[in-house]
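Trainee: Submitted below is the structure of interest, expressed as structure tokens.
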Amino acid sequence: MTDQPPVLDVRGLRVDFPGRHGTVTALSDVSLTIRPGEILGVVGESGAGKSMTGLAVQGLLEPPGHIAGGEVWLNGRRIDRLTEREMQKVRGREIGAIFQDPLTSLNPLFTVGQQLTETIRLHLPLGRTEARARAIELLAEVGIPAPAERVDHYPHQFSGGMRQRVVIALALAARPKLIIADEPTTALDVSIQAQITALLRRLCDDHGTAVMLVTHDMGVIAETADRVAVMYAGRLVEIGAVDQVLARPGHPYTRGLMGSIPALGARVPRLMQINGAMPRLDAIPPGCAFNPRCPDVMARCRTDRPEMRGKPGQGACACWLMEREEA
Amino acid sequence: MIVFLIKRLLNAAMVMLVVALLAFSIFRFVGDPIQLMVNEQTTQAERNELRENLGLNDPFLVQYARFVTNAVQGDFGMSYRNQQEVMSLIAERFPATIELVLMATIISLVVGVPLGVLTAIHRGRWYSEGLQFLSIIGVSLPSFVIGILLILVFSVILNVAPAFGRGEVISIGWWTTGLLTPSGRAALVLPSVALSFYQITLVMRLVRAEMLEVLRSDFVKFARARGVPAWRVHYRHALRNCLMPVVTMTAMNVGSLIAFALITETVFQWPGMGMLFIQAVTFVDIPVMAAYLCIVSFIFVALNTLVDITYALIDPRLRTARV
Ligand SMILES: Nc1ncnc2c1ncn2[C@@H]1O[C@H](COP(=O)(O)OP(=O)(O)OP(=O)(O)O)[C@@H](O)[C@H]1O
Ligand SMILES: [Mg+2]
């Protein structure tokens, strides 16, 4: 699995929002890869830049936001310089999207069948009846009972969990190699959350789809993801295989985040709550952005910013503690 | 659904009864009808007889009930001025007003909807903000000023469109139409444009506001994330979700347009109900005034009721919620 070329390869991505009071850099130096059949979990506090990363990859940044640096490679093609028109062909065809709130992701005035066939026919050379048949297949695949009937129903006739399945079917419509799922379970009941993540896992295994799973729930990561990327204040602070990162988190922030999952809290020595709040993007302290909240802060952390270090493809972490451990 | 329907209809009937009461009161108490109907030679005995014959000595409620009963059957009595049935006078003028109002409505939609969409999509660009500014002028300019300006420019200076009248009309049954003759169509242009001005700005502003709201919604972003082209997102997904309030407002405003047409009809000497009303006012022709009041209110109330009912019928969410 690891020797296959990555589906998504983001290199040094930077996103800027020019504004009246100067430019806000929402993302800087974000590098990550996702391989076929792999689920990369992306975690971090609210405002860390998780959604922004997904939107930047899909070319869906709200103007004046734009990619100001770095490269995005998808299936061996660079896509961050494509025109809007070219990007339209990438979205839905090569990148499927799943949004947080299934209640608002679907157009209330069209049946789910109409929305599915629309997506299918935009991307695949299928006729009306073939597209409809495919829509029914997709609904069946994501576990919707009586799909031949349900295809003609309006979104409001589905429950929240069922709607999220429809959204997943829409994301899968053209069999994209990459799916970006932004908090796909946050808006759902706990019992349904597990079903949806299991469904994602299964689809990923069946079709070798790469998934970028954005969440702020370490529990979901632990259960579903293969690798995890931890974000803080618009930067990546740690990335690596889930079991490694959970067993031996390199960054104090990762350790802090893990304090929020009780099941793992038993394995790992009981960790501190993270005090304070993430800095605003226009007021990031010099040195390591996490230094005002870090329990292990050193003098150096307040002046010099640690770079991501580690072996490519394996774990990497941006923290001066790493250097001390290496030494 | 049935309960809703009955409630809504009762509501409408109540409003109409109140309007009829108002119209009747004007009819009955503004001036003495007998005084207006007779001449100097009529003796007091004859006057009393006429009063008795017309039922003017009956108790108020009886008279009111009679007025309502007659009105429901379309009988508003005789015009004082030219001894014609009020209803046939109005029926003669009705098509002119309706054609004017419908044309104005069509213009307001054809122009207003795309402008609203464009100013929403290109928010912040100079032309979008410019249109937005112009629409404020459109709302605040009185319609007679617009009418006079149009006449000045297109009839007097450029001489490309007639400034008054309805042109040649063709009768189809009791309906007369100007749409089938070149002069009739030419005559319709300026008045309907003048009348539509205010409506255009209303439609444009409503569509813009609704579009801005809808464009922020998740399903629009999700449609883009599915690779739906921008124009299709705007015109199919977003606009469709704005249309409900636009249809509602347009239908409801047909009533106000009929009332507004009063001014436009006067400016353009358009032979519609509004002109009839203005003439009636000058001659204190009270039955015509009462009838106009009742009929315009009826159209108003009927449209509102119809819109409410269709609203409940066409929204898929409301439709299934009631199964
Ligand atoms: N238009 C904008 N201009 C400037 N900054 C913006 C703009 N939109 C978003 N941001 C900033 O970008 C940052 C990243 O936001 P993002 O939505 O990616 O966070 P997130 O990690 O997904 O958080 P959440 O868990 O709340 O979804 C936020 O701090 C936000 O303030
Ligand atoms: Mg987010």
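Trainee: Please find, within segment A:100-122, the residue that is modelled with the lowest pLDDT out of those that are hydrophobic (A, V, I, L, M, F, W, C) and part of a helix (DSSP H, G or I).
Mentor: Start the filter on segment A:100-122 by keeping residues that are hydrophobic (A, V, I, L, M, F, W, C), which leaves A:103, A:106, A:109-110, A:112, A:116, A:120, A:122.
Still in the list and also part of a helix (DSSP H, G or I): A:103, A:112, A:116, A:120, A:122.
Working: A:103: 86, A:112: 95, A:116: 96, A:120: 96, A:122: 94.
Within segment A:100-122, the match that is modelled with the lowest pLDDT is A:103.
Trainee: Shifting gears a bit: Which residue pairs have Cβ atoms closer than 6 Å, lie 6 or more positions apart in sequence or on different chains, and pair a first residue in segment A:93-105 that is more than 8 Å from every other protein chain (Cβ to nearest Cβ) with a second residue that is among the basic types (Lys, Arg) and surrounded by fewer than 24 Cβ atoms within 10 Å (Cβ to Cβ)?
Mentor: What qualifies is A:102/A:163.
Trainee: Out of everything in segment A:216-241 that is open to solvent by less than 10 Å² (accessible area, probe 1.4 Å) and more than 16 Å from ligand 1 (Cβ to nearest atom), what residue ends up being nearest to residue A:187 (Cα to Cα)?
Mentor: Only one residue tops the list, namely A:224.
Trainee: Residues in segment B:199-220: is at least one in contact with a helix residue (DSSP H, G or I) (Cβ under 7 Å, 6 or more places away or on another chain), at pLDDT below 80 and away from chain A (no Cβ under 14 Å)?
Mentor: Scanning segment B:199-220 turns up no residue that is in contact with a helix residue (DSSP H, G or I) (Cβ under 7 Å, 6 or more places away or on another chain), at pLDDT below 80 and away from chain A (no Cβ under 14 Å).
Trainee: Separate question: Identify, from the list A:86, A:71, the residue that is over 24 Å from residue A:38 (Cα atoms), outside any loop (DSSP other than H, G, I, E, B), away from ligand 1 (no atom under 16 Å from the Cβ) and not aliphatic (A, V, I, L, M).
Mentor: On inspection, the qualifying residue turns out to be A:86.
Trainee: Just wondering, is there one or more residues in segment B:230-247 that are surrounded by fewer than 18 Cβ atoms within 10 Å (Cβ to Cβ), farther than 30 Å from residue A:170 by Cα, more than 14 Å from chain A (Cβ to nearest Cβ) and modelled with pLDDT under 90?
Mentor: Looking through segment B:230-247, none of the residues is surrounded by fewer than 18 Cβ atoms within 10 Å (Cβ to Cβ), farther than 30 Å from residue A:170 by Cα, more than 14 Å from chain A (Cβ to nearest Cβ) and modelled with pLDDT under 90.
Trainee: Okay, next question. From the list A:41, A:37, which residue is more than 14 Å from chain B (Cβ to nearest Cβ) and in contact with a Leu (Cβ under 8 Å, 6 or more places away or on another chain)?
Mentor: A:41
Trainee: Kindly provide the set of residues from segment A:155-170 that are more than 8 Å from chain B (Cβ to nearest Cβ) and among the aliphatic types (A, V, I, L, M), ordered by number.
Mentor: Within segment A:155-170, A:162, A:166, A:168, A:169 meet the criteria.
Trainee: Spot the failing condition for residue B:26; the list is (1) open to solvent by 60 Å² or more (accessible area, probe 1.4 Å); (2) under 30 Å from residue B:147 (Cβ atoms); (3) aliphatic (A, V, I, L, M), and only one is missed.
Mentor: (1)
Trainee: Here is a check on your reading of the model: is residue A:57 within 16 Å of ligand 2 (Cβ to nearest atom) and closer than 25 Å to residue A:242 by Cα? Please lay out each step first, then the result.
Mentor: On the way: within 16 Å of ligand 2 (Cβ to nearest atom): yes; closer than 25 Å to residue A:242 by Cα: yes.
So residue A:57 fits the description; yes.
Trainee: Conditions: (1) within 14 Å of chain B (Cβ to nearest Cβ); (2) free of Cβ contacts under 8 Å to residues at least 40 places away in the same chain. Residue A:130 meets all but one. Number of the miss?
Mentor: It fails just one condition, (1).
Trainee: Report the residue count in segment B:100-126 for those that are open to solvent by less than 30 Å² (accessible area, probe 1.4 Å) and modelled with pLDDT under 90.
Mentor: Initial filter on segment B:100-126 (open to solvent by less than 30 Å² (accessible area, probe 1.4 Å)): B:100-101, B:104-105, B:108, B:112-113, B:116-117, B:119-120.
Okay, now just the ones that are also modelled with pLDDT under 90, so none.
Looking only at that region, the number is 0.
Trainee: Sticking with this structure for a sec: So, in segment A:171-182, of the ones that are open to solvent by 20 Å² or more (accessible area, probe 1.4 Å) and within 16 Å of residue A:40 (Cβ to Cβ), which residue ends up farthest from ligand 1 (Cβ to nearest atom)?
Mentor: To start, the set of residues in segment A:171-182 that are open to solvent by 20 Å² or more (accessible area, probe 1.4 Å) comprises A:175, A:177, A:182.
With the extra rule that they be within 16 Å of residue A:40 (Cβ to Cβ), the set shrinks to A:177, A:182.
Details: A:177: 23, A:182: 7 Å.
Across segment A:171-182, the extreme among qualifying residues is A:177.
Trainee: Could you pull out the residue among A:81, A:14 that is at pLDDT 95 or above and either closer than 20 Å to residue A:178 by Cα or more than 14 Å from every other protein chain (Cβ to nearest Cβ) (or both)?
Mentor: Only one candidate qualifies: A:14.
Trainee: Could you tell me which of the residues B:85, B:92 is within 22 Å of the chain's Cα centre (by Cα) and of a type in the set (Asp, Glu)?
Mentor: Numbers: B:85 fails: within 22 Å of the chain's Cα centre (by Cα).
One residue alone meets the criteria, B:92.
Trainee: Looking at (1) in contact with a Cys (Cβ under 7 Å, 6 or more places away or on another chain); (2) open to solvent by 70 Å² or more (accessible area, probe 1.4 Å), find the lone condition where residue B:7 falls short.
Mentor: Answer for residue B:7: the failing condition is (1).
Trainee: In the list A:65, A:41, A:54, which residue meets the criterion of being buried (at least 18 other Cβ atoms within 10 Å of the Cβ), under 14 Å from the mean Cα position of the chain (by Cα) and within 11 Å of ligand 1 (Cβ to nearest atom)?
Mentor: Checking each option against the conditions leaves just A:54.
The values are calculated or read from the model by the stated rules, or taken from the named source; none is laboratory data. Since we're looking at a predicted model, the values are computed, not measured. Methodologically, a virtual Cβ is constructed for each residue, glycine included, from the backbone with ideal geometry; neighbour enumeration extends over all protein chains shown. To get the accessible areas, we keep the full protein, side chains included, count just its heavy atoms, and leave off ligands, DNA and RNA. Shrake-Rupley method; radii C 1.70, N 1.55, O 1.52, S 1.80 Å.
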